[in-house]
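Visitor: Before anything else, here's the structure in question.
The values are calculated or read from the model by the stated rules, or taken from the named source; none is laboratory data. Please read all numbers here as calculations on a predicted model, not as lab measurements. Reconstructed Cβ throughout: ideal geometry from the backbone, glycine too, with neighbour counts over all protein chains shown. These area figures cover heavy atoms from the full protein model, side chains too; ligands, DNA and RNA do not enter into them. Shrake-Rupley method; radii C 1.70, N 1.55, O 1.52, S 1.80 Å.
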Number of protein chains: 2
Amino acid sequence: MTMPKTTITITDVAKAAGVSKSAVSYALNGKPGVSDATRAKVLDVARSMGWKPNNAAKSLSDASTRTIGVVQLVDDAENFGAGMFAMDCLAGLCQVLDPRDYSITLRMTAGGAHAACRIHEEWIASGAVDAHLIMGVELGDPRLALFRAHPEAKAVFLSQRAVTKGLPTLYSSDDEGARMVVRYLHGLGHRNIARIAGPEEYVHTITRDQATADECSKLGMRCTTLHGKYLAAVGEQLCLALLEFGDSPTAIVCDTDVTAVAAARAAIARGVSVPGDLSIVAWDDSPSCTSATPKLTALHRDVRSIGVKAGSMLLRMIDGESVDSEPEDPYQLIERDSTAPVSEA
Amino acid sequence: MTMPKTTITITDVAKAAGVSKSAVSYALNGKPGVSDATRAKVLDVARSMGWKPNNAAKSLSDASTRTIGVVQLVDDAENFGAGMFAMDCLAGLCQVLDPRDYSITLRMTAGGAHAACRIHEEWIASGAVDAHLIMGVELGDPRLALFRAHPEAKAVFLSQRAVTKGLPTLYSSDDEGARMVVRYLHGLGHRNIARIAGPEEYVHTITRDQATADECSKLGMRCTTLHGKYLAAVGEQLCLALLEFGDSPTAIVCDTDVTAVAAARAAIARGVSVPGDLSIVAWDDSPSCTSATPKLTALHRDVRSIGVKAGSMLLRMIDGESVDSEPEDPYQLIERDSTAPVSEA
């Protein structure tokens, strides 16, 4: 995709003339925005470097597009967490791209992984981006096959290595995070816990389910897991379902802030004390966790650092380095007011 | 920057050959991804339309970049609202851009309006984007002068007409929203209210301040306004300051969800009943407003529709239409549990 850099660029001329890149571009393209003196100087310098007026567009184009392609999947659920995640992640990405003068080419689609795949395919075909960042990978995601078929396309996946199998991946710490929560609750004396988990088609749902089950079994704890969408109504309903049974759990771990806030509210409305009778832990700390009463204990990750790491991997790929998969920073458990030692009843 | 469309495009060839644009690009660029039969067919069709192999990159480039430039200002405050706003707005923008095969070219900067201005200037100079969307305009913003100096650059501002003075603007309904809240509180019997407002350098802060003061004066109400950053600590501190005075307000309108949640919590911790003794209204409804106890009455706007409207204005500009400033959709007041008729004490 990349061509050898045999042409002079705007950056080259700007450096040689001691002016900004904008000034060079205005001057060479005959646009307003620079003084006549600057224009004359830029034209002199550019000509001395081999620039010819009738060839401006071509000779001044960089071989690279200086852009990273990102397709964000949007849905209609109350899935604010996903939007926040994407924005923070993109902010981290920009933080490393900016000094290199790279932009993000952003598309959003409500058409799921298949629609995203078609956009990446167009980008690969047209050479519209230098590299791709892939988020929200599902089981059987067509984007995995696309990038396997195009090893020349540079891409980093935010996913799990078990799913991407050899494709360069910034992999999540969900396994570790799930085990940390189980050990934390074990330390508080909880032996019978539950999960209000996300939909089973999400890779991270399964990762968390498996790690939770494994760690519980090691520690001799019991865990019941129910799955549902990231909706307040689901958090409420599944919490009440768990409390219905005689041997109800003493702690519930929810996969999002939305379901955790709703679960805590539903328990309290039913006369169950949080954290007196029931501890609640939320994944994906957010402002909602601190707005709630009691403030929710939550798993926190530095999402911006995910963008920074992914950006660094992508730039190294663009620079021709071979890049291995890397782990995200680990989750932190932020202890607030919704968890307590199990009460001896 | 735009050239007359005298060249054939990938789209033209794809239509004529009855294959996807990706297939055309793979075929003509000699890349894997299409069968030999498809490649032969595409080459035949393209040649019949005047395409020449040694001129591929040039003859297949569209005159336009098919991208809209957006620079998002990021800061380090607890300003989650801004991130959510940007993401929802971009989602709306993509919704209208996607069918036209347009992408967003996104940059984020922590360098404020001046850093954003330099990026737009580069884009204007290099012709890297077809049009610009400008968010987060401040008083004396250098981007206003930039786009006045470059009337050939297509741009839509999300701001106030009083600030953009003739530049195409999708203007907010903050004036109307502020008046609606005052009338709502007046209807509940409140006569002495307060505002915990945002920083005074924000255009929408001043817009809300002025409209609130004007509407209060019309209705014979009193309003005290304090300004501060969008931080929980500020919401708490300013609420306590307002409650300190003998003649404290019976209702407080906060400029963000963050300060509103903190103000409500601080009042309750001090033994003030919300909404019994004090009503609280939040601007910019968010999940935090429904996570709080009591759930907060809030001003809600359909942020995605802002992106949709802005995108439609930008596409009409790109199509050569002249575009006038337009209003955003009005705010809605969502009544929840934090407001009540004033108590007769």
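Visitor: If B:A27 satisfies every condition in (1) more than 10 Å from every other protein chain (Cβ to nearest Cβ); (2) modelled with pLDDT under 80 but one, which is the exception?
Guide: (1)
Visitor: With the condition being within 14 Å of another protein chain (Cβ to nearest Cβ) and of a type in the set (D, E), I'd like the helices (runs of 4 or more DSSP H) fully within the range A:103-174 carrying at least 1 qualifying residues.
Guide: In the range A:103-174, the matching helices (runs of 4 or more DSSP H) lie at A:112-126.
Visitor: Hey, does the range B:258-265 have a residue that's within 13 Å of chain A (Cβ to nearest Cβ) and not hydrophobic (A, V, I, L, M, F, W, C)?
Guide: Filtering the range B:258-265 down to residues within 13 Å of chain A (Cβ to nearest Cβ) leaves B:258-265.
Narrowing the set further to residues that are not hydrophobic (A, V, I, L, M, F, W, C) leaves B:259, B:265.
The answer is yes, given that some residue of the range B:258-265 is within 13 Å of chain A (Cβ to nearest Cβ) and not hydrophobic (A, V, I, L, M, F, W, C).
Visitor: Taking interchain pairs and intrachain pairs at least six residues apart, which have beta carbon atoms under 8 angstrom, with the first residue in the range A:58-87 and within 19 Å of B:R107 (Cβ to Cβ) and small (G, A, S) and the second open to solvent by 50 Å² or more (accessible area, probe 1.4 Å) and modelled with pLDDT under 80?
Guide: Between residues of the range A:58-87 that are within 19 Å of B:R107 (Cβ to Cβ) and small (G, A, S) and residues that are open to solvent by 50 Å² or more (accessible area, probe 1.4 Å) and modelled with pLDDT under 80, the close pairs are A:S64/A:T2.
Visitor: Take A:H120 and decide whether it is over 20 Å from B:G69 (Cβ atoms) and open to solvent by 10 Å² or more (accessible area, probe 1.4 Å).
Guide: no
Visitor: Kindly list the number of the only condition in (1) closer than 21 Å to A:I318 by Cβ; (2) surrounded by fewer than 16 Cβ atoms within 10 Å (Cβ to Cβ); (3) of a type outside the set (S, T, Y) that fails for A:V129.
Guide: The one condition A:V129 does not meet is (2).
Visitor: So, one more: Being part of a helix (DSSP H, G or I) and either assigned by TED's automatic domain parsing to the domain that holds A:F157 or at pLDDT 70 or above (or both): is that true of A:G69 here?
Guide: Considered against the rule, which asks whether it is part of a helix (DSSP H, G or I) and either assigned by TED's automatic domain parsing to the domain that holds A:F157 or at pLDDT 70 or above (or both), A:G69 comes out as no.
Visitor: Just a yes or no: is a residue in the range A:288-302 touching a helix residue (DSSP H, G or I) at 6+ places or on another chain (Cβ under 6 Å), hydroxyl-bearing (S, T, Y) and open to solvent by less than 20 Å² (accessible area, probe 1.4 Å)?
Guide: There is at least one residue in the range A:288-302 that is touching a helix residue (DSSP H, G or I) at 6+ places or on another chain (Cβ under 6 Å), hydroxyl-bearing (S, T, Y) and open to solvent by less than 20 Å² (accessible area, probe 1.4 Å).
Visitor: Could I ask something else about it? Looking at (1) under 30 Å from B:S159 (Cα atoms); (2) out of contact with any His (no Cβ under 7 Å at 6 or more places or on another chain), can you tell me which one B:A251 breaks?
Guide: Unmet condition: (2).
Visitor: Same structure again: Select, from A:P287, A:P294, the only residue that is within 12 Å of chain B (Cβ to nearest Cβ), of a type outside the set (S, T, N, Q) and closer than 23 Å to A:R191 by Cβ.
Guide: It is A:P294.
Visitor: What strands (runs of 3 or more DSSP E) completely inside the range A:178-276 contain at least 1 residues that are of a type outside the set (A, V, I, L, M, F, W, C) and in contact (Cβ under 8 Å) with a residue 60 or more places away in the chain?
Guide: Working: elements: A:192-197, A:222-227, A:251-254.
So the answer is A:192-197.
Visitor: Being within 16 Å of the chain's Cα centre (by Cα) and modelled with pLDDT under 70 is true for just one of A:F85, A:F80. Which residue is that? Outline the logic, then answer.
Guide: Numbers: A:F85 fails: modelled with pLDDT under 70.
After applying the criteria, what remains is A:F80.
Visitor: Quick one: A:T11 ticks every box in (1) modelled with pLDDT under 75; (2) exposed (fewer than 15 other Cβ atoms within 10 Å of the Cβ) bar one, so which box is it?
Guide: For A:T11, the failing item is (1).
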